[in-house]
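Chemist: I have a structure here, written as structure tokens, and I will follow up with some questions on it.
The values are calculated or read from the model by the stated rules, or taken from the named source; none is laboratory data. Note that the structure is predicted; figures quoted are calculated from it, not measured. Reconstructed Cβ throughout: ideal geometry from the backbone, glycine too, with neighbour counts over all protein chains shown. Side chains included, ligands, DNA and RNA excluded: accessible areas come from the protein's heavy atoms. Shrake-Rupley method; radii C 1.70, N 1.55, O 1.52, S 1.80 Å.
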Amino acid sequence: MKLYNTLSKQIEEFIPFEEGKVKIYTCGPTVYNYAHIGNLRTYIFEDVLQKGLEYIGYDVKRAMNITDVGHLTSDSDTGKDKMLEGAKREGKDVYEIANFYTEAFLDDMRKLNMEIPKIIAKASDYIPTYIKMIEKMLENNYAYISNGNVYFDISKANDYYRLSGKNPDELKIGVRDTVEEDSAKKNPADFVLWFTVSKFENQILKWDSPWGVGYPGWHIECSGISYETLGEYLDIHCGGVDNIFPHHTNEIAQSEAFLGHKWCKYWCHGAHLNDKSGKMSKSKGEFLTLSLLMEKGYSPLDYRYFCLNSHYRNSLVFSYESLDIAKRALKKLRNKIASLDRDGDVDQEKMFNFIDKFKESFENDINTSMMITILFDVLKADDLNDATKFELIKDFDKVLSLDLCQKPEQQVAKIAEKEILEKIEERKEAKAKKDFVKADTIRDELLAKGIKLIDNAEGTTYEII
Ligand code: AMP
Ligand code: ZN
């Protein structure tokens, strides 16, 4: 298996700490809003990485955090608290916001056929771990207390900039230029491990600590959760490229300061999905979510297919035109697979050659578009009978997770014709009573199940998408 490692800036042979076993940590969402489809691109790449490793025989243990405290609007400890901002925006408290958006996130994962990591850890559940780690860092002079907060002293870290390859002098200028420089820091790039001096009134989530009542910084959460759930040695750590600096840089500094040895071997980062105007952002009003795509008639797996057609390390520009192409291609692919005659004898011998090629493509730094090409090669192969083709595709779909072997009608979430017609009638009545909210809800619920309603002069019909 070859993987690009951001640490060495090279493709490397993957050798885990323990033979046959892989421990992966993947940074999870800050649950103050819906995930945008850019975030979901990163989670899709991580899902394929996990399933691919399992496919080639590894025993994979994966953990993911859910950040419900400590993440400020700037990743460098300045700005406002994201959770409080979310609560204020919706007139709810942070617990309600965290629960609601955690559920929404897990729901997106399920819709995209992602396997939910066995370990999903809420940041607020690991406070004693962060305290223990920070105490040790203070003891060993990696950290200091200033103006009430506890900071990590980056001058003590071993080659602090090695992951990002950033130039500290350039960064100093960058930090100086920002309005909110924290004068309590010895070095502008030092970062907060524990906040006690909170700029934010009504901070609800706070805990007692040896340094006063407060809450953890964002970066210590991932170091703490990874240590607590996966142990002292980590094989792979993933996230999007924006996480390289400062988040992952700080995770390395803290974890290694606490553990006293090298912590994670491979750092894998997914390139961004951008919209035509540039960076995808949650602050742009109506941002691109999975539900929005569904409202527009795309299925979540159309989006998964769209993502898998490009390499995770190449940035990708989102457009509805490209998504249309992916949607049509996936539909054609499924129809072709549905037309295979499954009743013949499966030729196991002939399967190996294609399985090897599929594995090789995955092992070549997760080349998903090549994995899909192998799938098309299977469909085109003259020397394979239909039953063998079907078996191969079913096998590949353990990694691709595109529901390739379901017949189009099975993809509609087991909803009976009678039920659809009842819903259409209910919507008609709602419209007659001018209850357009209800009418739209019925339409969206059906769409989420893959049933698109079409209004025309004669009434309403439906299409399975
Ligand atoms: P966040 O909820 O902002 O902490 O981001 C969750 C995950 O999505 C992180 O791994 C980010 O690195 C990643 N991410 C953020 N923006 C994008 C984007 N535009 N495209 C791909 N991944 C992203
Ligand atoms: Zn993280």
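Chemist: When the Karplus curve 6.51 cos²θ - 1.76 cosθ + 1.60 is applied with θ = phi - 60°, which whole-Hz ³J(HN,Hα) does each residue of the stretch 46-61 get, with x for Gly and Pro?
Modeler: 5, 5, 5, 4, 4, 5, x, 4, 5, 4, 8, x, 7, 9, 9, 10
Chemist: Return the calculated 222 nm mean residue ellipticity for the chain, to the nearest 500 deg cm²/dmol, obtained by summing -39500 (n - 2.57) across DSSP H runs with n ≥ 4 and dividing by the residue count.
Modeler: That calculation yields -14000 deg cm²/dmol at 222 nm.
Chemist: Quick one: ranking 120, 44 by accessible area, 1.4 Å probe, largest first, what do you get?
Modeler: 120, 44
Chemist: What residues qualify as long-range amide H neighbours of residue 12, i.e. H under 5 Å apart, gap of 5 or more or another chain, H built at 1.01 Å from N?
Modeler: Amide H neighbours of residue 12: 3, 4, 5.
Chemist: With a 1.4 Å probe and every protein chain left in place, work out the accessible area per residue of the stretch 281-400 in Å², rounded to a whole number.
Modeler: 48
Chemist: Net charge near residue 155: determine it from the other residues with C-beta under 12 Å of the C-beta of residue 155, scoring Lys and Arg +1 and Asp and Glu -1. It would help to have the intermediate numbers written out before the result.
Modeler: Numbers: positive: 156, 185, 186; negative: 153, 159, 190.
Around residue 155, the surrounding residues sum to 0.
Chemist: Okay, moving on. Please name which of 165, 52, 37 has its Cα lying farthest along the dipole of the chain towards the positive end, using unit charges on Cβ (Lys, Arg +1; Asp, Glu -1) and the Cα centre as origin.
Modeler: 37
Chemist: Quick check for me: using +1 on Lys/Arg Cβ and -1 on Asp/Glu Cβ, what's the dipole size of the stretch 258-390 about its Cα centre, in debye to the nearest 20?
Modeler: The calculated dipole for the stretch 258-390 is roughly 820 debye.
Chemist: Say R0 is 25 Å: what FRET efficiency, to the nearest 0.05, do residue 141 and residue 242 get from their beta-carbon distance?
Modeler: The pair residue 141/residue 242 has a calculated efficiency of 0.25.
Chemist: Follow-up question, since we're still on this one. Based on the mean of other beta carbon atoms within 10 Å per residue, what is the order of 153-161, 304-312, 35-43, 348-356, most packed first?
Modeler: 35-43, 304-312, 153-161, 348-356
Chemist: Sticking with this structure for a sec: Show me 360-367, 317-324 ranked by packing, highest mean number of other Cβ atoms within 10 Å first.
Modeler: Highest-to-lowest ranking by the protection proxy: 360-367, 317-324.
Chemist: Can I ask one more? Could you give the dipole magnitude of the stretch 224-289 about its Cα centre, charging the beta-carbon of Lys and Arg +1 and that of Asp and Glu -1, in debye to the nearest 20?
Modeler: 300
Chemist: Which distance in Å, rounded to a whole number, links the C-alpha centroids of the stretch 23-53 and the stretch 307-379?
Modeler: 21
Chemist: Moving on to the next point. Got a number for carbon plus sulfur as a percent of the stretch 338-396's accessible area, 1.4 Å probe?
Modeler: Taking all protein chains in place, the stretch 338-396 shows 43 percent carbon and sulfur surface.
Chemist: So what are the ³J(HN,Hα) numbers for the stretch 421-429, from phi and the Karplus equation (6.51, -1.76, 1.60; θ = phi - 60°), rounded to whole Hz, Gly and Pro as x?
Modeler: 3J(HN,Hα) across the stretch 421-429, in whole Hz: 5, 5, 5, 4, 5, 4, 5, 4, 5.
Chemist: When the dipole is taken about the Cα centre of the stretch 311-465, and only Lys, Arg (+1) and Asp, Glu (-1) are charged at their Cβ, what size is it in debye, to the nearest 20?
Modeler: 660
Chemist: Grab the Cα-Cα distance for residue 322 and residue 118, subtract it from 0.36 nm times how many residues apart they are, and report the gain in nm with one decimal.
Modeler: 70.1 nm
Chemist: Ok, one more. Among the listed pairs 111/394; 82/296; 88/449; 206/265; 51/80, give every one whose C-alpha distance is greater than 27 Å. Don't skip to the answer; put the middle values down first.
Modeler: Numbers: 111/394 19 Å; 82/296 29 Å; 88/449 32 Å; 206/265 33 Å; 51/80 37 Å.
Violating the 27 Å Cα-Cα cut-off are 82/296; 88/449; 206/265; 51/80.
Chemist: So who's got an amide H within less than 5 Å of the one on residue 270, skipping anything under 5 residues away but keeping other chains? H placed 1.01 Å off N, in plane.
Modeler: Placed amide hydrogens put 239, 240, 241 under 5 Å from residue 270.
Chemist: Which value in nm describes the separation of the simple spin-label points at residue 274 and residue 348, placed 7 Å from the Cα toward the beta carbon?
Modeler: 5.0
Chemist: What ³J(HN,Hα) values, in whole Hz, does the Karplus curve 6.51 cos²θ - 1.76 cosθ + 1.60 give for the stretch 343-351 when θ = phi - 60°, with x put for Gly and Pro?
Modeler: For the stretch 343-351, the Karplus-derived couplings read 7, x, 8, 7, 8, 4, 4, 6, 5 Hz, x marking Gly and Pro.
Chemist: Can you give the FRET efficiency for residue 80 and residue 12, using 1/(1 + (r/R0)^6), R0 = 35 Å, r = Cβ-Cβ distance, to the nearest 0.05?
Modeler: Details: r = 39 Å, r/R0 = 1.12.
E between residue 80 and residue 12, to the nearest 0.05, is 0.35.
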